[in-house]
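Novice: Quick one: the structure is below, and I'll ask about it shortly.
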Amino acid sequence: MKVHFRAQYLTSGVGHMRGVDYDSTLLVSAVKGKTLPSTQYATVKIGGKWVTITDKNKDKAIEWFAEWAVPLIKAAGIGPKVLVPIPNRSAVVGKKDTPRTAAIANITKTACGAGVVVADVLRWKKDLPKSTDSASRKPELLLPDLVLTSTIPFGTVVLIDDVFTSGGHAVASAWRLQDLNRTAKCAICCGRTLHVQIDDPFKVDDEELLIPKRP
């Protein structure tokens, strides 16, 4: 499964941090809904125009992510597209709050227009601990706590997430969708967690994520 990324996400600083490193990380933080430091802002080029992202307009950053994601979604295949948000760790069965990834998917759907729907059908059975190590991201450990809450309409399935780290949550989501005999065409994520600088943090290479045989 191909995975697309909007920007690099540095969860910790590296030596000789550049302005673009801060900009890309703050953009992803804004899309995630994190509180941005009052003294920090990001300057990002969106649709050919430079925009400034601060804590006050961080929700607007989802629209800017959606604008970037639209052509990727339209290129995912012929016919209708179904955006399936990968649930964040607080997206638990029974909670009424809209998960952040579902909000991202809904705004992206609006940006795409006709022919795109959102199927917010994945939930965790319980609150998950914060992912602090590789063991907590293993798909075989995540899968038993991941459930489907509904069916999915006809169309090409595209997974939506705010940040991609090891791919464990994406694999677990793809496995669970197999219960409905559905296969995700691709995943579109705002941030790619990388712990080294790259030449342009707004041009992160696509990756092929292997979906192994389900345990």
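The values are calculated or read from the model by the stated rules, or taken from the named source; none is laboratory data. Not measured: the values here are computed from a predicted model. Cβ: placed from backbone, ideal geometry, glycine included. Neighbour counts: every protein chain shown. Just so you know, the surface numbers come from the protein's heavy atoms only, side chains and all, with ligands and any DNA or RNA stripped out. Shrake-Rupley method; radii C 1.70, N 1.55, O 1.52, S 1.80 Å.
Novice: Which cross-chain or sequence-distant (5 or more) residues have an amide H under 5 Å from the amide H of I46, H modelled 1.01 Å from N in plane?
Specialist: V51
Novice: Using a 10 Å cut-off on Cβ atoms, rank the peptides 184-192, 119-127 from the highest mean neighbour count down.
Specialist: Highest-to-lowest ranking by the protection proxy: 184-192, 119-127.
Novice: What are the ³J(HN,Hα) values, in whole Hz, obtained from phi via the Karplus relation 6.51 cos²θ - 1.76 cosθ + 1.60 with θ = phi - 60°, for each residue of region 206-215 in sequence order, with x given for Gly and Pro?
Specialist: 4, 10, 9, 9, 6, 9, x, 4, 5, x
Novice: Once you list every other residue whose beta carbon is under 13 Å from the beta carbon of T54, what net charge do they have if Lys and Arg are +1 and Asp and Glu are -1?
Specialist: Summing Lys/Arg as +1 and Asp/Glu as -1 gives +1.
Novice: If you find the alpha carbon centre of region 139-164 and of region 16-56, how far apart are they in angstrom?
Specialist: After rounding, the separation between the Cα centres reads 28 Å.
Novice: If I take the Cα coordinates of region 87-192 and project them onto the principal axes, what are the three extents in Å, biggest first?
Specialist: Cα spread of region 87-192 along its principal axes, largest to smallest: 40, 28, 27 Å.
Novice: Compute the helix-to-body angle for 19-32: its Cα long axis versus the longest principal axis of the chain, expressed 0 to 90° and rounded to tens.
Specialist: 40 degrees
Novice: Also, I was wondering about something else. With a bin width of 10 angstrom, please list the P(r) values of region 1-90 as percents of all Cα-Cα pairs, from the 0 bin to the one holding the largest distance.
Specialist: With a bin width of 10 Å, the distribution comes to 14, 44, 31, 10, 1.
Novice: Spin-label point model (7 Å from Cα, Cβ direction): what's the F154 to S136 distance in nm?
Specialist: Those two pseudo-labels are separated by 4.3 nm.
Novice: Based solely on its DSSP helices, what 222 nm [θ] is calculated for the chain when runs of n ≥ 4 H residues each add -39,500 (n - 2.57) and the sum is averaged over all residues, nearest 500 deg cm²/dmol?
Specialist: -8000 deg cm²/dmol
Novice: Share of antiparallel DSSP beta bridges in the chain, in percent to the nearest 5?
Specialist: On the way: 10 of 33 bridges.
Here the antiparallel bridges make up roughly 30 percent for the chain.
Novice: Sticking with this structure for a sec: Label points 7 Å out from Cα along the Cβ direction at T98 and L72: separation in nm?
Specialist: The two pseudo-label positions are separated by 2.1 nm.
Novice: Also, quick follow-up: Provide the net charge surrounding Q197, with neighbours chosen by a C-beta distance below 15 Å and charges set as Lys +1, Arg +1, Asp -1, Glu -1.
Specialist: Result for the neighbourhood of Q197: -2.
Novice: Next question, about the same structure. Taking θ = phi - 60°, what integer Hz values does the Karplus form 6.51 cos²θ - 1.76 cosθ + 1.60 yield along region 56-63, in sequence order, with x for Gly and Pro?
Specialist: So the Karplus estimates, Gly and Pro as x, are 5, 10, 4, 5, 5, 4, 5, 5 Hz.
Novice: Accessible area per residue of the chain at 1.4 Å probe, in Å²?
Specialist: Accessible area per residue: 50 Å².
Novice: I've got another one for you. Apply the Karplus curve 6.51 cos²θ - 1.76 cosθ + 1.60, θ = phi - 60°, to the phi angles in region 107-114 and return the couplings in whole Hz, x for Gly and Pro.
Specialist: 5, 5, 4, 4, 5, 6, x, 4
Novice: Exceeding 20 Å between C-alpha atoms, which entries from my cross-link table qualify? They are K109/K185; K125/K185; K56/K95; K58/K96. Intermediate values should be presented prior to the final figure.
Specialist: Details: K109/K185 16 Å; K125/K185 25 Å; K56/K95 26 Å; K58/K96 22 Å.
Result: K125/K185; K56/K95; K58/K96 exceed 20 Å.
Novice: Sticking with this structure for a sec: Which semi-axis lengths, in whole Å and largest first, follow from the square roots of five times the eigenvalues of the Cα gyration tensor of the chain? Kindly include the intermediate steps, with their values, before the conclusion.
Specialist: Numbers: eigenvalues 142, 79, 54 Å².
After diagonalising the Cα gyration tensor, the semi-axes are 27, 20, 16 Å.
Novice: On C-alpha positions alone, give me the angle between the axis of helix 168-177 and the longest principal axis of the chain, in degrees, nearest 10.
Specialist: Orientation of helix 168-177: about 30 degrees from the principal axis.
Novice: Is the shape of region 170-215 best called rounded, prolate or oblate, per the rule: a/c under 1.5 gives rounded, else a/b larger than b/c gives prolate, else oblate, with a ≥ b ≥ c the square roots of the Cα gyration tensor eigenvalues?
Specialist: prolate
Novice: Rank by packing, highest mean first: peptides 161-171, 39-49, 76-86, with packing defined as the count of other Cβ atoms within 10 Å averaged across residues.
Specialist: 161-171, 76-86, 39-49
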